[in-house]
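Each remark here refers to the structure printed beneath this line.
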Amino acid sequence: MTVQAGTREKAGQRHRSKVERRGKFLYVNGEKLYLRGVTYGTFRPQADGTMFPPPEVVEADFRGMVEANVNAIRTYTVPPRWLLDLASSFGLYVLAGIPWEQHIRFLDDRRTRRGIECAVRDAVRSCAAHPAVVAYLVGNEIPAQIVRWYGRRRIEQWLRRLYRIAKREEPGSLVAYVNYPTTEYLDVSFMDFACFNVYLETRERLQAYLARLQNLAGDKPLVMTEIGLDSRRNGLERQAEVLDWQVREVFAEGCAGAFVFAWTDEWHRGGYDIEDWDFGLVTRDRKSKPALATVAEAFAGVPFSPLRAWPLVSVVVCSYNGARTIRDTFAALQRVDYPDFEVILVDDGSKDATAAIGREFGVKVISTENRGLSNARNTGYEAATGEIVAYIDDDAYPDPDWLHFLAHRFIEGDWAAVGGPNLPPAGDGLIAECVANSPGGPVHVLLSDIEAEHIPGCNMAFRKAAPEGRGGFDPRFRTAGDDVDFCWRLSDSGARIGFHAGAIVWHHRRNSVRTYWKQQRGYGRAEALLERKWPEKYNAAGHFAWAGRLYGRGLTTALGRGAGRIYQGQAGSALFQSVYQPAPGVLASLPLMPEWYLAVLALAAVTALGALWTPLLAAGPLLLIALAAPLAQAALAAAHATFPDRAGIRAWPQLLLTALLHLLQPMARLSGRIEYGLTPWRRRGRRLALPFGFTESAWREEWHSIEGRTLDLASSLKRQEAAWRPGGDFDTWDFEVRGGMLSSVRLLSSVEEHRGSHQLVLFRVWPEISNFALGVIGVSSGLAVAAGIDGALPAAAALALIAGAITLRSIWEAALAMGAVKFTIEEYRDAAK
């Protein structure tokens, strides 16, 4: 058994400061703290009512724990002061559980509720300010049937109340609730960290569920407060084997702590000693089981075994005038706990001290003229010698275990790229905190709990071989969009992108409204560049929809979106109960688009025409609704924003500024999109052809597959930079080519099979005017006629002009799309000869 060095007295010196939460991990005295724990209790009460064994037994237990590399215990009853003192002397932290009647209908009786509140209040008072207490647990596994009886909202409100009571008694403390898979859907994100009791006996299922729980925990630590296996039913050797990989998997997936259930087989519940379960690492008479040595060895290598072989990693920092923040980046990289990595600074023509700071820290510096972010990334990649190339921005700095978690994900699977979360650091100021709660920040998009569709450029890593044959990063993306483009190219080639919740970097947010506006305008320009390169991913309005789910702070939720449906099983019997959130509808999503502000201007113009013809004033209420929608969304988003706790009070300036940023962000995006041509009135195409449907054919001497034909047609459209998209599984056409927002042309292909593998490929083409265009033409024409009949000739002329302009524009766009399609068919016919 590995023995942890140090005497009791020295061990006790390690946690004179309170434990604090930083992102997804716990820290004490500036050092990361991994809780390597065991559960302790519940025990048969002593004659004096004490819920723990006599002090001499507890002292012997604690000594054995320290020898087994345990540094924390979890109690299910409130620990007396003498036990906390004893734990402190051994260097043990305590998760103090507060018991109450959670298995009954506790919300029905006012006296019961008050009793629970008093129990929480008294428990925190009795332990307050003790250095051994890492956190208070104000609840444990409220039964699913009780939650179902009251409804999730009432239970969440009740737990929030207990949380606030504990916080009032000891404002600087950490408070959590222990959940379990059967009530996974409870939203207790207001707690300081997430706790789960999980018993899974296969490694693959545990790994997958840990990844899920990490995404549920968000940017807060995840602690597994119970893992274990019953040795009575499974045998001593099986218990040791399972606990070995359970402990290692928990920490490998980025958890902040793990508590093995339990220290001893001795267990008392409901007035009875439990004799038919043996989950302990030691027996009831404190004899060691094989699992004790196994757990001790696993705890000694937290979060990863020092004997594990790790690949060389090249860390690339690309910077243009980043001297203000890049010193923090290099200082943090010096604290990264990874055995084999190099750091490369690509100074992209900086005019400040960026390069000098890099040389000061002894990193490899490559200075170039200013060529943009993508070129800088490519330069760093070419200079890298590692098997893995990891990128971090010059305004970000990594967690000490950042590279370990990235490399672990690469080692465990066939991933071409891996990324992790980026979190805003505390202390950047009020504006930065508000920006962190505003839209437009770098977020990751997940297809599953460990597979990503997109990872942000501030925290992404690639196998060195991944960019080969793909042309590296596209130089057209000078400031943003490079990461999206490269992720899309990886996915299109069949490569997989991984995600690890523990591989976090701290990423400074903009600290002024002006720089935030500038950043979002830049993102709008990047969207325009992406749309030109990837038109098949964008709709007619110039927006694309991620296939996966976005994770991060500041996301604006569509109005009217419900709380989702909970999978509960028959009569609430499912062991794993999750929330399934439907995607918002089209109408609910429209106010989230930057172009919504153009719709507001259009309604304002129609309302203004009411001065010429009074019936048009009926657009006034619609204008008010259009204005109210983003205001309501901004207010709702600000109300759900999370800020550092300042005596439990959120200042009104923070809320107001956050709401304002939610309104400004789409305006900034719209500005950037319009500047680079991504507008609703954009046109795409170089050739014109009469917009009439036709049928064509092409004779092939050699057989050609459907997939090959589709690829050839798509390649032709790409070369023309046409705006196109392939047909879906339920569409009766193969391609749709847009000339603009109002009109498109659809192409259907088929084939006649002839002898000798000859084929006659058939093409049918027809134009389509969008329902939006038809609606605008119809409404404006009808109103023009009505205004003319009413004698309001100026208004009638204006409305007729609108109808005519939309009609001509629709025809023109159809002609542009038809030109692209005809050229594509001609290319295909020529290639078939």
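The values are calculated or read from the model by the stated rules, or taken from the named source; none is laboratory data. Predicted, not measured: the structure shown is a model, and the values here were computed from it. Areas reflect the complete protein model, heavy atoms only, side chains present, ligands, DNA and RNA absent. Shrake-Rupley method; radii C 1.70, N 1.55, O 1.52, S 1.80 Å.
Within the set Lys167/Lys287; Lys220/Lys537; Lys533/Lys822; Lys32/Lys364; Lys24/Lys167, which residue pairs have Cα atoms separated by over 31 Å? All intermediate terms of the calculation are to be shown ahead of the outcome.
On the way: Lys167/Lys287 40 Å; Lys220/Lys537 33 Å; Lys533/Lys822 21 Å; Lys32/Lys364 28 Å; Lys24/Lys167 20 Å.
Cα-Cα > 31 Å for Lys167/Lys287; Lys220/Lys537; rest within.
What fraction of the Cα pairs in region 617-730, stated in percent, has a spacing above 16 angstrom?
80 percent
On a 0 to 90 degree scale, rounded to 10, what angle separates helix 402-412 from the longest Cα axis of the chain?
Computed tilt is about 80 degrees.
Would you list the P(r) distribution for region 351-477, with all Cα-Cα distances sorted into 10 Å bins from 0 and each bin expressed as a whole %?
10, 36, 37, 15, 1
With a 1.4 Å probe and every protein chain left in place, work out the accessible area per residue of region 302-395 in Å², rounded to a whole number.
43 Å²
Run the 1.4 Å probe and let me know the accessible area of Lys18, rounded to the nearest 10 Å².
Roll a 1.4 Å probe over it and Lys18 shows about 70 Å².
Over the Cα atoms of region 244-334, what radius of gyration and what Dmax do you get, in Å?
So, for region 244-334, Rg and Dmax equal 21.7, 69 Å respectively.
Would you please give the residues with an amide H less than 5 Å from that of Phe52, counting only those at least 5 places away or on a separate chain, with H modeled from the backbone geometry?
Gln46
Could you report region 410-551's accessible area per residue, 1.4 Å probe, as an integer in Å²?
35 Å²
Could you give the angle, 0 to 90 degrees to the nearest 10, between helix 152-169's Cα long axis and the longest principal axis of the Cα atoms of the chain?
With rounding to tens, the tilt is 50 degrees.
In whole Å, what are the Cα extents of region 214-369 along the three principal axes, biggest one first?
75, 32, 21
Could you give the angle, 0 to 90 degrees to the nearest 10, between helix 203-217's Cα long axis and the longest principal axis of the Cα atoms of the chain?
Its long axis makes an angle of about 70 degrees.
Need one word for region 183-271: rounded, prolate or oblate. Basis is the Cα gyration tensor (sqrt eigenvalues a ≥ b ≥ c); a/c below 1.5 gives rounded, then a/b vs b/c decides. Working shown, then result.
Values: a/c = 2.28, a/b = 1.45, b/c = 1.58.
Oblate, because a/c is 1.5 or more while a/b does not exceed b/c.
Over 31 Å between C-alpha atoms is what I'm after, so list which of Lys18/Lys289; Lys464/Lys718; Lys351/Lys518 land there. Could you put the intermediate results ahead of the total?
Values: Lys18/Lys289 34 Å; Lys464/Lys718 28 Å; Lys351/Lys518 20 Å.
In this structure, Lys18/Lys289 lie more than 31 Å apart at Cα.
How long are the semi-axes of the equivalent ellipsoid of region 67-183, taking √(5λ) for every eigenvalue λ of the Cα gyration tensor, in whole Å from largest down?
On the way: eigenvalues 147, 50, 25 Å².
With the √(5λ) rule applied to region 67-183, the semi-axes are 27, 16, 11 Å.
Restricting things to alpha carbons, tell me how big region 97-152 is in terms of Rg and Dmax, in Å.
Answer for region 97-152, Rg first and Dmax second: 13.0, 39 Å.
Return one quarter of the surface area of the convex hull spanned by the alpha-carbon atoms of region 406-502, equal to its mean projected area, in nm².
Here the figure is 7.2 nm², rounded to one decimal.
Using the Kirkwood radius built from alpha carbon pairs, what does the Stokes-Einstein equation give as D for the chain at 10 °C and 1.306 mPa s, in µm² per second? Walk me through the numbers on the way to the answer.
On the way: Rh = 30.4 Å.
This corresponds to a translational diffusion coefficient of 52 µm²/s.
For region 591-665 and region 388-442, write down the distance between their C-alpha centroids in whole Å.
32 Å
Which cross-chain or sequence-distant (5 or more) residues have an amide H under 5 Å from the amide H of Met460, H modelled 1.01 Å from N in plane?
The answer is Tyr391.
List the residues, sorted by chain then number, that are 5 or more residues from Val343 or on another chain and whose placed amide H is less than 5 Å from its amide H.
Result for Val343 returns Val315, Lys364.
Of the heavy-atom accessible surface of the chain (probe 1.4 angstrom), what whole percent is carbon and sulfur?
Here it works out to 56 percent.
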